[in-house]
1. In a shell of Cβ-Cβ distance under 10 Å around Ala218, excluding Ala218 itself, what net charge do Lys and Arg (+1) and Asp and Glu (-1) give?
2. Indicate, rounded to the nearest 5 percent, the antiparallel portion of the DSSP beta bridges found entirely in the stretch 7-332.
3. Give the order of Glu290, Glu158, Glu136 when sorted by the count of other beta carbons within 10 angstrom, beginning with the fewest.
4. So, in nm, how far is label Ser225 from label Ser145 when the simple model puts each one 7 Å beyond its Cα toward the Cβ?
5. Skipping prolines and chain starts, which residues have an amide H placed within reach, meaning under 5 Å, of the one on Tyr106, given they are 5 or more residues away or on another chain?
6. Show me, for the stretch 23-29, the HN-Hα J-couplings you get by feeding each phi into the Karplus relation (A = 6.51, B = -1.76, C = 1.60, θ = phi - 60°), rounded to Hz, glycine and proline as x.
7. Multiplying the sequence separation of Glu285 and Ala93 by 0.36 nm and subtracting their Cα-Cα distance, what value in nm do you get?
8. Under a 5 Å amide H to amide H cut-off, with H placed in plane at 1.01 Å, what residues pair with Trp193 once short-range neighbours are removed?
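Here, each number is a calculation from the coordinates, and none is a lab measurement. Computed from a predicted structure; not experimentally measured. Cβ sites come from the backbone with ideal geometry, for glycine too, and all protein chains shown count toward neighbours.
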Amino acid sequence: MFTPLPHMTNRWFEFRMRWKRRRLRLRAIAKSRELTCVRRGQWGKQDILLFCTLRNEAERIDWFLHHYRRLGVQHFIFIDNGSTDGTRETILAQPDTTVYATQASYKHARFGMDWVTWLMLRHGNGHWCVVADADELLIYPHWHSRPLSALTGWLEGERQVAMPAMMLELYPKGPLDAATCLPGADPCATLNWFDAANYTITHKPLLDCLLIQGGPRARCFFTDSPNRAPTLTKLPLIKWSWHNAWVNSTHSILPRALNRSFATCGGEQISGVLLHTKFMATVVEKSRIEKARAQHFGNAPVFDQYYDAVARAPDLWCPTSTRLEGWQQLEELGLISRGGWA
């Protein structure tokens, strides 16, 4: 029986990865026909851009814009996927936004990543870009005092073109439907608890990326199938290139070398956290709606049970829950790292 030599296997693997990346980019270009530009803003060659797909996020969008403007994002490129609650009107009224609209299937666009990939190919080449959902607030070491431009400048000096972040799921103490947050208010004032320690980390050799799972959703909703719990690893900050293509949300990307944003020879590289503000009171009703829409997950029967559980407004708090205090606390817990960025 013929046994391929190691160098032949490596060449075949590299060919497969190049073809996969090309296919994903071509798919994104084809999906561009589903997008209509409603408002085109202007930005500079050195500006930091943010890309976001959203739908019905009226209770979050004002704080989202405030948070990322404070970090130093200079322009927002939104994809509005059929909002009916005034979200589109809000983002259209902003001076620093570009807005695309679509009524097409979020699921059939690889959960929005075809649209995001296309717009980053069109607008993001050479820019440092943030990619975040409307319920994700990026923080990193010294974020209160050092803007993104300082961070990206340091990353370039270290020859790093991406920074990873773990999605840290926040929740209230008490039933979810009691976690009300007024539009424009900081959701972290209401959602101020998190799981500090129940996480697993697995290296995925195919894409050379890390898979982190755990947190309150794994603890409360996926106890019988923890391997199906949501992936918490993301690459929310990246210097974009024409050669890139998102593979699975922002969990992984091609070329695969970009996923190697973790230390391989001892120590730690810099990392941030995406504060996940999903569990506001509106999540209870949204779970019923999203279950009916069936747009968010590929394995609908598994996640139907999750939606049903959230719709019952459970209390995610437990005796080991930890109150959120700041990035220094998260660094002490090993959930965030400043690496060499003193």
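1. Overall, the nearby charge balance is +1.
2. Just about 60 percent of them are antiparallel.
3. Going from least to most buried by this count: Glu158, Glu290, Glu136.
4. The modelled label-to-label distance comes out at 4.7 nm.
5. none
6. Calculated HN-Hα couplings, in order: 5, 5, 5, 5, 4, 5, 4 Hz.
7. Working it through step by step, the gained length comes to 66.4 nm.
8. Tyr171, Leu324
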